[in-house]
Amino acid sequence: MATESEPVALRRGKSALRRAYNRLLRPHLPYKIGVFNGVPARRVRLLDRTDEFPEYEAALVDAVRTTVEPDDAVVVIGGGYGVSSVIAARRAGPNGRVFTYEPTHERFPFIEETAALNRVADRIDARRALVGPGVKLDGDGGGADRIDPAALPDCDVLELDCEGAEADVLRGLSIRPRAIIVETHGCFGTPSDETRNVLDSLGYDVVDERPDEPDRDIHVLVARRRNDRGLRSLLGR
């Protein structure tokens, strides 16, 4: 690590080496297991010095932990590396079910492996699919199925982390889960206020808001249906 006492030339040399390593070598190294907010996942490069990330997706993960209940059915739009899906599966328990949609070629395999590493693969149905419009994809979405939001399965909790497509996905819903967790992305053209207005129009009250990157208008909203009758109530569970 560079210090103020180091010569300028040495600091510049170290900086150049780090850039070269990150660009030329690191992308080709195999992954090892790290722990992301309590969830083991194989997405840390072999020579990375840090493999513990207690604050990973802290606002979203905490919302899932406090919203999902035992026996819930959960739909996750934007599965990423599978961390929030695993947490939802843990919370829902052996009688719960998690349906996860992730469109990118790079991330989808992580979901299945993360589920297996955490021994909840039997509770998570993962599908490589894009739900609604792809505003911003972190990877290659070519070859992914396309899912209309109206075709999503019934659930008790819906989680959206879809990089600016959240308001459009919400507008297209036919289901009305008990609770909706949304990570908003004003930085990608969908202001948080727009997402709040759509939730309100669907009959949901935002009961909790957790800032993630407020300078980029990224927040996690937890909304509950006003009559609080989700799938479990309708089925008499």
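The values are calculated or read from the model by the stated rules, or taken from the named source; none is laboratory data. Treat the numbers as computed from the prediction; the structure is a model and nothing was measured. Methodologically, a virtual Cβ is constructed for each residue, glycine included, from the backbone with ideal geometry; neighbour enumeration extends over all protein chains shown.
Looking for something touching a helix residue (DSSP H, G or I) at 6+ places or on another chain (Cβ under 6 Å), crowded, with 21+ Cβ neighbours inside 10 Å and under 22 Å from residue 151 (Cβ atoms) - is there at least one such residue anywhere in segment 56-64? Within segment 56-64, none of the residues are touching a helix residue (DSSP H, G or I) at 6+ places or on another chain (Cβ under 6 Å), crowded, with 21+ Cβ neighbours inside 10 Å and under 22 Å from residue 151 (Cβ atoms).
Screening 152, 130 for residues that are assigned by TED's automatic domain parsing to the domain that holds residue 195, farther than 21 Å from residue 41 by Cβ and modelled with pLDDT of 95 or more leaves exactly one candidate, 152.
The rows are residues; the columns are (1) of a type in the set (Gly, Ala, Ser); (2) surrounded by fewer than 17 Cβ atoms within 10 Å (Cβ to Cβ); (3) assigned by TED's automatic domain parsing to the domain that holds residue 23.
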{"site": "42", "(1), (2), (3)": "no, yes, yes"}
{"site": "66", "(1), (2), (3)": "no, yes, no"}
{"site": "74", "(1), (2), (3)": "no, no, no"}
{"site": "79", "(1), (2), (3)": "yes, no, no"}
{"site": "84", "(1), (2), (3)": "yes, no, no"}
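All conditions in (1) in contact with a helix residue (DSSP H, G or I) (Cβ under 8 Å, 6 or more places away or on another chain); (2) part of a loop (DSSP other than H, G, I, E, B); (3) among the basic types (Lys, Arg); (4) at pLDDT 95 or above hold for residue 136, with the sole exception of (4).
Note on segment 1-52: residues that are in a helix (DSSP H, G or I) and basic (Lys, Arg) amount to 7. Within segment 54-101, restricting attention to residues that are among the polar types (S, T, N, Q) and more than 15 Å from the chain's Cα centre (by Cα), the residue that is farthest from residue 207 (Cα to Cα) is 95.
For the condition at pLDDT below 95 and not basic (Lys, Arg), residue 217 qualifies.
Residue by residue, here is whether (1) over 17 Å from the mean Cα position of the chain (by Cα); (2) of a type outside the set (A, V, I, L, M) holds:
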position: 124; (1), (2): no, no
position: 164; (1), (2): no, yes
position: 171; (1), (2): yes, yes
position: 174; (1), (2): yes, yes
position: 196; (1), (2): yes, yes
position: 208; (1), (2): yes, yes
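Restricted to segment 37-50, and to residues there that are over 18 Å from residue 111 (Cα atoms) and charged (D, E, K, R), the residue that is modelled with the highest pLDDT is 48. Within segment 114-133, the only residue that satisfies the criterion of being in a helix (DSSP H, G or I), surrounded by 18 or more Cβ atoms within 10 Å (Cβ to Cβ) and of a type in the set (D, E, K, R) is 123.
Of the residues in segment 55-66, how many are in a loop (DSSP other than H, G, I, E, B), at negative phi and in contact with a strand residue (DSSP E or B) (Cβ under 8 Å, 6 or more places away or on another chain)? First the steps, then the outcome.
Step one: of segment 55-66, the residues in a loop (DSSP other than H, G, I, E, B) are 55-57.
Restricting the remaining residues to those that are at negative phi gives 55-56.
This time we only want the ones that are in contact with a strand residue (DSSP E or B) (Cβ under 8 Å, 6 or more places away or on another chain), so: 56.
Adding up the residues that qualify gives 1.
Among the residues of segment 67-107, those that are part of a loop (DSSP other than H, G, I, E, B) and within 16 Å of residue 43 (Cβ to Cβ) comprise 78, 79, 80, 81, 82, 102, 104, 105, 106, 107.
Yes/no matrix, rows are residues, columns are (1) among the charged types (D, E, K, R); (2) surrounded by fewer than 21 Cβ atoms within 10 Å (Cβ to Cβ); (3) without any contact (Cβ under 8 Å) to a residue 60 or more places away in the chain; (4) assigned to a helix (DSSP H, G or I):
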site: 159; (1), (2), (3), (4): yes, no, no, no
site: 162; (1), (2), (3), (4): no, no, no, no
site: 169; (1), (2), (3), (4): no, no, no, yes
site: 174; (1), (2), (3), (4): no, yes, yes, no
site: 181; (1), (2), (3), (4): no, no, no, no
site: 194; (1), (2), (3), (4): yes, yes, yes, yes
site: 208; (1), (2), (3), (4): yes, yes, no, no
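For residue 18, indicate whether it is exposed (fewer than 13 other Cβ atoms within 10 Å of the Cβ) and free of Cβ contacts under 8 Å to residues at least 12 places away in the same chain. Yes. Inspection of segment 144-152 finds no residue satisfying the criterion of being at positive phi and out of contact with any strand residue (DSSP E or B) (no Cβ under 6 Å at 6 or more places or on another chain).
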